[in-house]
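This report refers to the structure that appears directly beneath it.
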Amino acid sequence: REKFDFYTVGLTVNWDIPDHTITSVTSYVSYDDKSAIDGDFTDKNLLVVDQVEDFEVLAQELRLASSSSGPLQYIVGAYFESTDLKTRNDWHVNTALFGLPSGTRLIGNDQDSEAWAVFAQVGYDLTDELTVVLGARYTEERKSNIQTLQIADLYTTTPNPALEPFFSAALNSQPHVFDEKRKTSDFNPAGTVEWRPDADTLIYGSVKTGFKAGGFDHGAATNNVSAFEYEDETALSYELGTKLDLLDGSATLNIAAFHSTYKNLQVSTFDGALGFTVGNAGKVISKGVEVDGRWRATPELTF
């Protein structure tokens, strides 16, 4: 069974000033999620999982964009975000039927984070056919999390140290309290060159960077604090492509070749027991070619 409540409020305001537009985007999102899962998928209730998750985020973005007229176009802005996340994951293990101990493993997390960023993008028409676009984003994020794992009597929150050896052996779970903080920052430049040899052809090449902030594994069950935290993920991407209008505008064809390298890829991995852990892989490369197009053969038929 599950109960999920979701709330969202957003406000976008645009101000037109000479040769520019100022945009403010404000948003608030929150949800409460409560669920109970029959983890053993039998009629014996050997494993029942109760999960609770409360989340809220307040975000504000402010942008200044130039008009599209003229050879120079640009946009600059700033972003701020504040989040609060509380999770509770209770595993009720009832194995008395097999002559084994029964008890409850409780994992709770209380996480707060703040992030801010400034960004800019500038495009300039070097000629009527050639445009260069350069951009960059700088981001900082602070995150703190308190995690508590307890072993208790079945369907209670009363700690029972006598059950700890069983849960350590069966579920690789040890009681602990982690109170950790992390701060991360990253600078992400990007660049694109666009060439239009004629009105029906666009050829472009781009180099872009990105990152995903690290964090804390809310499902961490061992008392190894070093495994509780995972690191930032970074990406470097190259793309070369073309966009074509064909057959007097009745057809389009897009072709793109790409190569992306991810370092410290964030992954969720089965822990060998009954759960998953979040950590970092090594380096991952994704590369390939994409082709798509449309052809309006007749006013009634499109491929």
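Scanning the range 6-32 for residues that are of a type in the set (Asp, Glu) and open to solvent by 80 Å² or more (accessible area, probe 1.4 Å) yields Asp16, Asp19.
Looking for something of a type outside the set (Ser, Thr, Tyr), open to solvent by less than 60 Å² (accessible area, probe 1.4 Å), outside any strand (DSSP E or B) and touching a helix residue (DSSP H, G or I) at 6+ places or on another chain (Cβ under 8 Å) - is there at least one such residue anywhere in the range 101-109?
Looking for residues that are of a type outside the set (Ser, Thr, Tyr), open to solvent by less than 60 Å² (accessible area, probe 1.4 Å), outside any strand (DSSP E or B) and touching a helix residue (DSSP H, G or I) at 6+ places or on another chain (Cβ under 8 Å), one finds at least one in the range 101-109, hence yes.
Just one of the listed residues (Glu61, Glu140, Glu114) is open to solvent by 80 Å² or more (accessible area, probe 1.4 Å), in a strand (DSSP E or B) and closer than 30 Å to Phe211 by Cβ, and it is Glu114.
Among the candidates Ser35, Ser68, which residue alone is within 30 Å of Glu129 (Cα to Cα) and surrounded by fewer than 14 Cβ atoms within 10 Å (Cβ to Cβ)?
The match here is Ser68.
Applying the criterion of at least 1 residues that are closer than 30 Å to Asp40 by Cβ to the strands (runs of 3 or more DSSP E) found wholly in the range 216-303 leaves 266-270, 276-280. The number of residues in the range 143-169 being in contact with a Leu (Cβ under 8 Å, 6 or more places away or on another chain) and either crowded, with 17+ Cβ neighbours inside 10 Å or hydrophobic (A, V, I, L, M, F, W, C) (or both) comes to 5.
The values are calculated or read from the model by the stated rules, or taken from the named source; none is laboratory data. Computed from a predicted structure; not experimentally measured. Here the Cβ is made from the backbone with ideal geometry for all residues, glycine too, and neighbour counts use every protein chain on show. Ligands, DNA and RNA are excluded from the accessible area calculation, which covers all protein heavy atoms including side chains. Shrake-Rupley method; radii C 1.70, N 1.55, O 1.52, S 1.80 Å.
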